[in-house]
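**Q** My questions all concern the structure below.
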Amino acid sequence: MISTKGYATHDANAKFGPFEFERRDVGPNDILIDIEYCGICHSDIHAAKNEWEAMMPSTYPLVPGHEIVGRVSQVGDAVTKFKVGDVAGIGCFVDSCRECSPCENGTEQFCQKMAAFTYAGTYMDRVTPTYGGYSDKYVIDERYAHNVRATGDLAGVAPLLCAGITTYSPLKRFKVGPGQKVGVVGLGGLGHMAVKIAKAMGAEVTIFSTSPSKESDAEALGADHFVVTRDPANLAPLAGTFNFILDTVSADHDLNQYFGLLGVGGTMAVVGVPPNPTQIHQFGLIFGNKTLAGSLIGGIPETQEMLDFCAEHNITADVEVITPDRIEEAYDRTLRSDVRYRFVIDMTN
Ligand code: NAP
Ligand code: ZN
């Protein structure tokens, strides 16, 4: 077994502290990654605080982290995709049954036996707990790891493994491109990646934000327009003008006000997972044949495609790199929407 140092929380109200555990030995198809950076996704916060208890209760000790990049330091005898020294990434799951139709189709996140999520889940033996990337090492079957070709700032690459794919996948699925008006609701980790990716796909992008202070960043991120949603009067002139809206908001909020902004046949996709269910009024969708869709991360092939797309378009996340002793502070600031635009933990520190 491989002794690993991480940071864990032990219940919904506890603080993070050092936690040592073991990873499996490197098998023939496995690689060992020495983790350099791990992003802090708002899902880590929902899980640490057990905010999804009704649907997905958290298990403790919890070592979050599913935006992982590092260097390969050991490879099994049968490994073909990686060699020692390569940069590798790990996203939101680390195994799946490999036999069901979602697994065969490259949408392993929907594995019918339930994928082994990178943390707070179990491996496919359904016994061994998974611990995430707030740690110094990960052992993973090469099939579930990604080649990272980017050479520059690796801290900015880590968030692509969740925030990047979670926004790329619905933008691609709903064929966002030139001539289209796209709205992004919530300018946090996911939201800022959505802006960069939708712009690279050629769309005209509007940010819907509750934070007027973020307006000065909108242009630098590539956005065409910035709308403060606290005043509903700002939304009225935009009625019926959007082809696609992506909702990335982490807190309970009203979805209905956005249906009216879609044109006929428009689609709104939700990726944010607030703690509580929300009410929608069917009228808002029926008038105009509108679609409300959901989207969960992306499969292994699409995640690799997104990494290659981002490398080609020079897209990385805007990050604030912290040491592991500042996890609590980063959580507090993320909860106050004071994140510009992703906290990333330097795990070599
Ligand atoms: P984040 O960095 O905290 O960003 C969320 C943003 O939502 C905030 O920056 C803020 O933007 C906005 N917001 C916060 N409170 C709000 C409120 N009360 N009303 C309206 N807007 C509010 O979080 P994230 O890491 O991007 O994650 C966003 C959500 O996506 C989380 O729920 C996370 O669990 C979920 N997620 C889903 C998937 C998936 O596969 N579907 C994958 C990853 C994450 P403004 O300041 O601009 O308003
Ligand atoms: Zn995430």
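**Q** Could you state the angle between the C-alpha long axis of helix 189-200 and the longest principal axis of the C-alpha atoms of the chain, as a value from 0 to 90 degrees rounded to the nearest 10?
**A** Result, in degrees: 70.
**Q** Along Cα→Cβ, 7 Å out, is where each label goes; now give me the distance between the ones at ASP224 and LYS113 in nm to one decimal.
**A** For the pair ASP224/LYS113, the computed spacing is 4.7 nm.
**Q** Could you name the lysines whose alpha carbon sits less than 20 Å from that of LYS5, not counting residues in the same chain fewer than 8 places away?
**A** LYS15, LYS137
**Q** Summarise the accessible area of the stretch 163-294 (1.4 Å probe, protein heavy atoms) by the percent that is carbon and sulfur.
**A** Numbers: 3110 of 5650 Å².
The nonpolar share, carbon plus sulfur, comes to 55 percent.
**Q** Could you tell me the ratio Rg/Rh of the stretch 245-349? Both radii from Cα atoms, Rh via Kirkwood.
**A** On the way: Rg = 17.7 Å, Rh = 16.7 Å.
Dividing the radius of gyration by the Kirkwood radius yields 1.06.
**Q** Taking the Cβ of ALA203 as the centre, find all other residues whose Cβ is under 12 Å away and add up their charges (Lys, Arg: +1; Asp, Glu: -1).
**A** Working: positive: LYS172, LYS175, LYS181, LYS196, LYS199; negative: GLU204, ASP224.
With Lys, Arg at +1 and Asp, Glu at -1, the neighbours total +3.
**Q** At 1.306 mPa s and 10 °C, plugging the Kirkwood radius over alpha-carbon pairs of the chain into Stokes-Einstein gives what diffusion coefficient in µm²/s? Display every interim value, and only then the final one.
**A** On the way: Rh = 20.5 Å.
Here the translational diffusion coefficient equals 78 µm²/s.
**Q** Anything over 23 Å Cα to Cα? Flag those among LYS181/LYS290; LYS172/LYS214; LYS175/LYS290, in the order listed.
**A** On the way: LYS181/LYS290 15 Å; LYS172/LYS214 26 Å; LYS175/LYS290 15 Å.
From the list (LYS181/LYS290; LYS172/LYS214; LYS175/LYS290), the Cα-Cα distance tops 23 Å for LYS172/LYS214.
**Q** Additional query: How high is the FRET efficiency between ASN276 and MET1 when r is their beta carbon distance and R₀ equals 35 Å, given to the nearest 0.05? Kindly include the intermediate steps, with their values, before the conclusion.
**A** Numbers: r = 40 Å, r/R0 = 1.15.
Working from the Cβ atoms, E equals 0.30.
**Q** A follow-up question, please. Starting from the Cα of VAL264, step 7 Å toward the Cβ, then list every residue of the stretch 212-255 with an amide N under 15 Å from that point.
**A** 240-243
**Q** Measure off, as a whole percent, the carbon and sulfur share of the 1.4 Å-probe accessible area of the stretch 58-110, all protein chains present.
**A** Values: 980 of 2120 Å².
Roughly 46 percent, rounded to a whole number.
**Q** Can you work out the FRET efficiency for the pair ALA251 and THR323, with r the C-beta to C-beta distance and R0 = 30 Å, to the nearest 0.05? Don't skip to the answer; put the middle values down first.
**A** On the way: r = 27 Å, r/R0 = 0.91.
Calculated transfer efficiency: 0.65.
**Q** Starting from a Cα-only point model with no solvent, please compute log10 I(q)/I(0) by Debye for the stretch 163-294 at q = 0.17, 0.18, 0.19, 0.22 1/Å.
**A** For the stretch 163-294, the Cα-only Debye profile gives -0.83, -0.94, -1.07, -1.49.
**Q** Right, next: Could you report the chain's accessible area per residue, 1.4 Å probe, as an integer in Å²?
**A** Numbers: 14920 Å² over 349 residues.
On a per-residue basis, 43 Å².
The values are calculated or read from the model by the stated rules, or taken from the named source; none is laboratory data. Model, not experiment: these values are computed from the prediction. A quick note on method: Cβ atoms are made from the backbone with ideal geometry, for glycine too, and the neighbour counts reach across all protein chains shown. Only protein heavy atoms, including side chains, enter the accessible area calculation; ligands, DNA and RNA are left aside. Shrake-Rupley method; radii C 1.70, N 1.55, O 1.52, S 1.80 Å.
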